[in-house]
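Novice: My questions all concern the structure below.
Nothing in this text is a laboratory measurement; each read-out follows from the coordinates by a stated rule. If you're wondering where the values come from, they're calculated on a predicted model, not measured in any experiment. Heads up, the Cβs are rebuilt from the backbone with ideal geometry, glycines too, and the neighbour counts pull from every protein chain shown.
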């Protein structure tokens, strides 16, 4: 049997050996298996002693104290983002980006919320499938933002609709049978405020211009001030508020379909040459010389 002194020393050695690992493991997330796998910039620092010098257990037993470590997982910059079309087999992944952006992630300690999010994911996936089909009226083209590791971090929908024919003439907007629209702009929370949403909106504008349209319409919830600021900064103008908007809302044990106010915004898209007078002048010179 060990003496009390040796037993105490053995206990101290065990604590000194395992405590740093146990303390550190509490901060390291488990391997990603769900839509919440995108990590924000995370910094782990060991506690540093800035108080008066003291003899630690490590020095007492002749061991070198562990160095202060810093592990950083940076988020990819917007310059490393690639915009491309979403394929049919990736529609469920695109739906998961929408659900995470609008409702957050599942909580293992809250099974009711996890079930609600799973239901919304199925609904969103079915909704996207119903419009998948390109630029035809009633169909939509889906674009994704992919980071350097190939993970989908953003999503947006652009299509043609006939439901916005009227209601804009009082704002100087001509009546048209078809209008291009933008919807479901979604960016994973860890990648927000890094230009991903702006890249997706710009890609939609270029797509619409290639289709021959000179405008882009969208609607946003009036209380979503962050999104409204983004659109206004990109040149979109508020037209009117639609009080008949609807959205899903998680409430206790149920999912409610509640009424909301949606603001309709529009941006006039002009040809590239009109934005650059020198390009237009160069085009005229080229024609005259030809």
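Novice: Rg to Rh for the stretch 168-243: what is it, with Cα atoms only and Rh by Kirkwood?
Specialist: Details: Rg = 13.3 Å, Rh = 13.8 Å.
Using Cα coordinates only, the ratio equals 0.97.
Novice: Cα-based Rg of the stretch 78-278 per 2.2 N^0.38 Å, rounded to two decimals?
Specialist: In units of the 2.2 N^0.38 Å rule of thumb, it is 1.05.
Novice: While we're on this one: Using mean Cβ contacts within 10 Å as the protection proxy, how do 203-215, 100-112, 140-152 order, highest first?
Specialist: Highest mean packing first, the order is 140-152, 203-215, 100-112.
Novice: Would you mind calculating the gained length between residue 240 and residue 114 on full extension (0.36 nm times residue separation, minus the Cα-Cα distance), in nm to one decimal?
Specialist: Taking residue 240 through residue 114 to full extension adds about 41.8 nm, to one decimal.
Novice: Follow-up. What FRET efficiency do you get for residue 222 and residue 177 if R0 is 25 Å and r is their Cβ-Cβ distance, rounded to the nearest 0.05?
Specialist: 0.35
Novice: Can you order the peptides 113-126, 184-197, 241-254 by their average number of other Cβ atoms within 10 Å per residue, highest first?
Specialist: Top to bottom by mean Cβ count within 10 Å: 184-197, 113-126, 241-254.
Novice: Another question, then. Along the Cα→Cβ direction, 7 angstrom out, place labels at residue 260 and residue 129. What is the inter-label distance in nm?
Specialist: Modelled inter-label distance: 2.5 nm.
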